[in-house]
1. Quick one: in the stretch 94-130, which of the residues that are over 11 Å from GLY79 (Cβ atoms) and of a type in the set (S, T, N, Q) is surrounded by the fewest Cβ atoms within 10 Å (Cβ to Cβ)?
2. Does GLU139 meet the test of being without any contact (Cβ under 8 Å) to a residue 40 or more places away in the chain, under 29 Å from GLU116 (Cα atoms) and outside any loop (DSSP other than H, G, I, E, B)?
3. Is there a residue in the stretch 173-181 that is surrounded by fewer than 17 Cβ atoms within 10 Å (Cβ to Cβ), at pLDDT 85 or above, in a helix (DSSP H, G or I) and not charged (D, E, K, R)?
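The values are calculated or read from the model by the stated rules, or taken from the named source; none is laboratory data. This is a predicted model, so every value here is computed, not measured. Cβ sites come from the backbone with ideal geometry, for glycine too, and all protein chains shown count toward neighbours.
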Amino acid sequence: YQRRVHGDFNMFSRKLGKKILSSVLAMGGLGLIGANMFHQQNLLVEAQPVNNEPRRDPWARSKNGDKIKNPEKIMLISGNANKPLAEGIAKHLGSTLANSVVGKFSDGEVNIQIKENIRGKDVYIIQPTCPPVNDNLMELLLLISTARRASAKEVTAVIPYYGYARQDRKMASRVPISAADVARLLETVGVDRIIAMDLHLSLIHISEPTRPLYISYAVFCLKKKNRY
């Protein structure tokens, strides 16, 4: 009986020792991983340059009334939705609207013609899709297509009022998601970015295999810092 108890005690001691040893090794491994991560983080912090410059106010140019630095690199184009808004934006930037024709043929079709060279320029098309929504949307689509076919470097649609924005989800069966469909139309004709306000959702994401398009709340959207 004593031998049996002694053998059971030895077996229990060996199992307990193995568990303690494995726990110690695991804790030691976690400690080494944590120390390595902490060391790498310190190296990254040390490698980053120290920037003591004060943070730049993104509204400084607007507050000071400064004009854009390179007005020859951009082109502002307006449809018929809100001409005074487009003229006010151009005046604020110290630029002018491009010479263009946005009208209608005798049968009601939209007539678009840009009478200036926009090759290699960043084109901003200012066209809210306010009522009449479909007419203004068609003007916007054709303006984007015209700028893209005229070899514009980038085409940005400035849409303060995004038509169909409230139809951004399926509230019933067999209904379209019109906000996403309009975004897909804009992407198909070649828009690169959209500046929009008054969206129903904070983000409408349309992702195609070749190029993702994001539509979100924005007042200004510049791809590169200090570009203009």
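1. SER106
2. The answer is no for GLU139.
3. Checked the stretch 173-181: at least one residue is surrounded by fewer than 17 Cβ atoms within 10 Å (Cβ to Cβ), at pLDDT 85 or above, in a helix (DSSP H, G or I) and not charged (D, E, K, R).
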